[in-house]
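Inspection log for the structure reproduced underneath, given as structure tokens.
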2 protein chains.
Amino acid sequence: MTLEKTTRMNYLFDFYQSLLTSKQKSYMSLYYLDDFSLGEIAEEYHVSRQAVYDNIKRTEAMLEQYEEKLLLFKKFQERKKIFEELRKLTDGQPEAESLIDALEKLD
Amino acid sequence: MTLEKTTRMNYLFDFYQSLLTSKQKSYMSLYYLDDFSLGEIAEEYHVSRQAVYDNIKRTEAMLEQYEEKLLLFKKFQERKKIFEELRKLTDGQPEAESLIDALEKLD
């Protein structure tokens, strides 16, 4: 899997995991965050490797559909750029820094 | 219906309408944005007033569930306050204003 895809899935999972079932969350978290193989997850849950694969593929598609509809990741990336420009502009002024920090925490 | 509830539903609808079916969107939009009565919507769609009522109640509950999970409205309100403070702090400096405008547009 490409690094780019892994990074994207990590972000989408982060933004939309509250909309997934607990099984979906477990598989995705083991696969993408803890770097388990499909076979290891299958063993852990006493199911077939194919079942894990299908579940993860479906979850990935769901995450992409949520992103298409809600654009949380895209907006996050756009905000990030603007925060950088704002930080440059306010040039380390502590009050501005702490307000921008507060905004970043909301993402 | 209280003004507070109407305002809240308008916002939740705005944030999560992409996750609703087209029928849900139509009813909610007529009821909350165009101020149609349940009876008027029922007539328009050739269904019973009760069917419209049930659909709208279910949609309202779905919107509240999405908000519980994703907190888009809550975060929007928190950002709004911080934008105000940032505007005061940067005191009408045009470059800062336009960056804050760009952030607000992303909400």
Enumerate the amide H contacts of B:PHE36 below 5 Å, restricted to partners 5 or more residues apart or on another chain; note that Pro and chain-start residues carry no placed amide H.
B:TYR31
Along each of its three principal axes, how wide is the spread of alpha-carbon positions in the protein assembly as shown, in whole angstrom units, largest first?
57, 53, 22
Shortest-first nm distances, B:GLU44 label point to equivalent points in other copies (7 Å, Cα→Cβ):
4.9
Ellipticity estimate at 222 nm from DSSP helix runs (n ≥ 4, -39,500 (n - 2.57)) divided over the protein assembly as shown, nearest 500:
-24500 deg cm²/dmol
Net charge dipole size for the stretch B:65-107 [Lys, Arg +1 and Asp, Glu -1 on Cβ; Debye, nearest 20]:
200
Each residue of A:87-98 has, on average, a number of other protein chain C-beta atoms within 10 Å of its C-beta equal to 2
Can you give the convex hull volume of the alpha carbon atoms of the stretch A:1-66 per residue, in Å³?
76
homo-copy label distances at A:GLN93 (7 angstrom along Cα-Cβ), nm, one dp, ascending, are 0.4
Output ³J(HN,Hα) for the stretch A:7-20: one whole-Hz value per residue in order, computed from phi by the Karplus curve 6.51 cos²θ - 1.76 cosθ + 1.60 with θ = phi - 60°, and x for Gly and Pro.
4, 4, 5, 4, 5, 4, 4, 4, 6, 10, 4, 5, 8, 9
State to the nearest 20 debye the size of the charge dipole of the stretch B:3-107 about its Cα centre, where the only charges are +1 on K and R beta carbons and -1 on D and E beta carbons.
380
Would you mind listing the distances between the B:LYS75 label point and the same position in each other copy? Use 7 Å along Cα-to-C-beta, nm, one decimal, shortest first.
0.7
Please list the non-local residues whose amide H lies under 5 Å from the amide H of B:LEU71, H modeled 1.01 Å from N, same-chain partners needing a gap of 5 or more.
none
To the nearest 20 debye, what charge dipole does the protein assembly as shown have about its Cα centre, counting +1 at the Cβ of each Lys and Arg and -1 at the Cβ of each Asp and Glu?
520
Calculate how steeply helix B:94-105 sits against the longest principal axis of the alpha-carbon atoms of chain B, using the helix alpha-carbon long axis, and give the answer as 0 to 90 degrees to the nearest 10.
20
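All of the numbers you see were taken from the coordinates with simple rules; none came from a lab. No experiment lies behind these values; they were computed from the predicted model shown. All Cβ positions, even for glycine, are placed from backbone atoms using ideal geometry, and neighbour counts span all protein chains on display.
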